[in-house]
1. A 18 angstrom limit on the alpha carbon distance is what I want to check against. Which of LYS122/LYS179; LYS135/LYS171; LYS57/LYS171; LYS91/LYS184; LYS57/LYS184 exceed it?
2. With Cβ to Cβ distances under 11 Å as the rule, what net charge do the other residues near PRO55 carry (K, R +1; D, E -1)?
3. Multiply the residue gap between ILE5 and HIS152 by 0.36 nm, knock off their C-alpha separation, and tell me the result in nm, one decimal place.
4. Once phi is turned into θ = phi - 60°, what whole-Hz ³J(HN,Hα) does the Karplus curve with 6.51, -1.76 and 1.60 give for every residue of the stretch 121-132, x standing for Gly and Pro?
5. Could you give the length gained by full extension between GLU114 and SER127, i.e. 0.36 nm per residue of separation minus their alpha carbon distance, to one decimal place?
6. Could you go through the stretch 156-161 in sequence order and give the Karplus-derived ³J(HN,Hα) for each residue, using 6.51 cos²θ - 1.76 cosθ + 1.60 with θ = phi - 60°, rounded to whole Hz, and x for Gly and Pro?
7. Please work out how much length the chain gains when fully extended from THR137 to LYS179, using 0.36 nm per residue of separation minus the C-alpha to C-alpha distance, in nm with one decimal.
8. Could you derive backbone 3J(HN,Hα) for the stretch 175-181 from the dihedral phi with the Karplus parameters 6.51, -1.76 and 1.60 (θ = phi - 60°), listing whole Hz in sequence and x where the residue is Gly or Pro?
Amino acid sequence: MFHQIWAALLYLYGILLNSIYQCPEHSQLTTQGVDGKEFPEPHLGQWYFIAGAAPTKEELATFDPVDNIVFNMAVGSEPTQLQLHATIRTKNGSCVPREWIYHLTEGSTDLRTEGRPDMRTKLFSSSCPGGIMLKETGQGYQRFLLYNRLPHPPEKCVEEFQSLTSCLDSKAFLLTPRKQEACKLSSD
């Protein structure tokens with residue numbers, strides 16, 4: 001009898017803790033977009049990669065040699081495509097250009113990466129002004145990525161991102177140094 005009462009008390013205590021320590025809300029972006037503009041229009045233009053978080057360090061390893069990354073998102077050659085151009089400034093000073101195409105999912109902000117059928121990208125709002133959060137999942141990895149319109153957003157933005165992703169079981173965290181000047185984006 002004592003064990004049943006003890007188990008019931010522990011169960012109630014767990015429910016109470018769960019209700020007190022819930023993850024902060026992060027809402028997935030909708031096709032309504034922001035300021036009355038339909039997705040993806042408010043998200044076109046230049047973005048800076050700020051930070052990443054994942055359950056393990058291995059899921060962020062691709063970003064270890066990175067000092068900074070600047071992206072440009074534009075409408076692709078078809079209305080259901082987004083064209084991304086990026087330049088990666090490595091810690092050794094090199095500039096590495098990259099480009100890829102996202103395919104839009106009708107009625108959603110979910111993105112599929114051309115040539116990578118296993119990869120899915122979901123867009124989430126950020127409490128940080130000029131910020132956006134992505135959740136990438138693929139074969140054997142899941143990671144959250146923080147982007148901002150500014151190369152150096154307020155520190156509070158990074159702290160909130162780290163707190164949120166930690167609550168979502170991301171134990172590894174990576175902050176890009178952003179100590180070097182960003183590489184020029186190609187004009188293609």
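Readers should treat all values here as calculations from the given coordinates under stated rules, not as data from a laboratory. Keep in mind that this is a model prediction, so the values were computed, not measured. Every residue, glycine among them, receives a Cβ derived from its backbone with ideal geometry; neighbour counts consider all protein chains shown.
1. LYS122/LYS179; LYS57/LYS184
2. 0
3. 47.6 nm
4. For the stretch 121-132, the Karplus curve yields 10, 10, 9, 10, 6, 10, 6, 7, x, x, x, 8 Hz.
5. On the way: separation 13, 0.36 × 13 = 4.68 nm, distance 2.93 nm.
Full extension of this stretch gives 1.7 nm more.
6. Running phi through 6.51 cos²θ - 1.76 cosθ + 1.60 with θ = phi - 60° gives 4, 4, 5, 4, 5, 4 Hz.
7. 12.3 nm
8. Rounded to whole hertz, the list is 10, 5, x, 6, 8, 9, 5.
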